[in-house]
Amino acid sequence: MNLKNTQRIIFGIFAIVGAGMFIGGVAMLVTPGGSSAMRDGRLFAGLILLFMGVIFGLVGIIPLMNINKQSRKHEYLLNNGKVLMAKIESIYLDTTMSVNGYNPYVVTCTYTDEYSGQIMRFKSHRIWEGDIGMAAVGQEIKVYVDPADYHTYYVSPESALSESQQNIINM
């Protein structure tokens, strides 16, 4: 299971728990009857559940929307993007983020337009999976760019690994 699917599951659980709390809070608020002390306690508990439901729901829904937006952009670029063969400038560990003591790799690369001589620099997303560290500086890597806007791009870490390196990783 990859990282995106794990994130979807975790944030989906938050969204479901939030919806359940919200529904429970509404049910406590609309339930009639009981003494005034009971109604006051139910009102307080219902408002607490409503508030917690909204918070849990937002913690689940907002990241899910962001993950889905990134996935759609990624798929669009893979299907419709222009492929540029860029040269890897550097591969480094992003020490600003750590999960269980592991840091993701980040690849920076450049592409020089052969007609205009314009140099474009690209930076990959954080790469947790695979072993991009086996790629070499100066090696070519595929960058998928939106033909209408070169600021929208995807650096493909898989394209930097040779077939033998990919076979080693997939074993």
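The values are calculated or read from the model by the stated rules, or taken from the named source; none is laboratory data. Just so you know, these numbers come straight off a predicted model, no measurement behind them. Every residue, glycine among them, receives a Cβ derived from its backbone with ideal geometry; neighbour counts consider all protein chains shown. The protein model used for the area step is the full one, side chains on, heavy atoms only, and it has no ligands, DNA or RNA in it. Shrake-Rupley method; radii C 1.70, N 1.55, O 1.52, S 1.80 Å.
Label sites at GLN118 and THR95, each approximated as a point 7 angstrom past Cα along Cα to Cβ, lie 3.6 nm apart. TYR153 sits among other residues whose Cβ lies under 12 Å from its own Cβ, and their net charge, with Lys and Arg +1 and Asp and Glu -1, is +3. Evaluating kT/(6 pi eta Rh) at 20 °C and 1.002 mPa s, with the Kirkwood radius of the chain over Cα pairs in the Stokes-Einstein relation, gives 109 µm² s⁻¹. The phi torsions of the range 80-97, fed into the Karplus equation with coefficients 6.51, -1.76 and 1.60 and a -60° offset, translate into couplings of 10, x, 7, 8, 10, 9, 9, 9, 5, 8, 7, 10, 9, 7, 7, 7, 6, 9 Hz, rounded to whole numbers, with Gly and Pro shown as x. The HN-Hα couplings worked out from phi for the range 116-126 by the Karplus form 6.51 cos²θ - 1.76 cosθ + 1.60 (θ = phi - 60°) are 9, x, 5, 9, 10, 10, 10, 10, 6, 6, 5 Hz, whole numbers, x standing for Gly and Pro. Mind running the shape call on the range 54-144? Use the C-alpha gyration tensor, a ≥ b ≥ c as the square roots of the eigenvalues: rounded below 1.5 for a/c, prolate if a/b tops b/c, oblate otherwise. Oblate, because a/c is 1.5 or more while a/b does not exceed b/c.
The helix-only estimate of mean residue ellipticity at 222 nm for the chain, built from DSSP H runs of length n ≥ 4 each weighted as -39500 (n - 2.57), is -17000 deg cm²/dmol after division by the residue total. If you run the Gaussian network model on the chain, springs between alpha carbon atoms under 10 Å, then out of GLY53, GLY101, GLY117 the most flexible one is GLY101.
The angle separating the long axis of helix 3-30 from the principal Cα axis of greatest extent in the chain is about 20 degrees.
Within straight-line reach of LYS82, meaning a Cα separation under 14 Å, sit the following aspartates and glutamates at least 8 residues removed in sequence or on another chain: ASP113, ASP146, ASP149. The string of couplings for the range 55-72 from the Karplus curve (6.51, -1.76, 1.60, θ = phi - 60°) is 4, 4, x, 5, 5, x, 6, 4, x, 4, 5, 5, 4, 5, 4, 5, 5, 5 Hz, one whole number per residue in order, with x for Gly and Pro. Residues LEU50, LEU93, sorted by accessible area with the largest first, give LEU93, LEU50 [1.4 Å probe; ligands and nucleic acids excluded].
Amide H contacts of GLN139: ILE88, each under 5 Å away and 5 or more positions distant or on a separate chain (H built 1.01 Å from N in the peptide plane; Pro and chain starts excluded).
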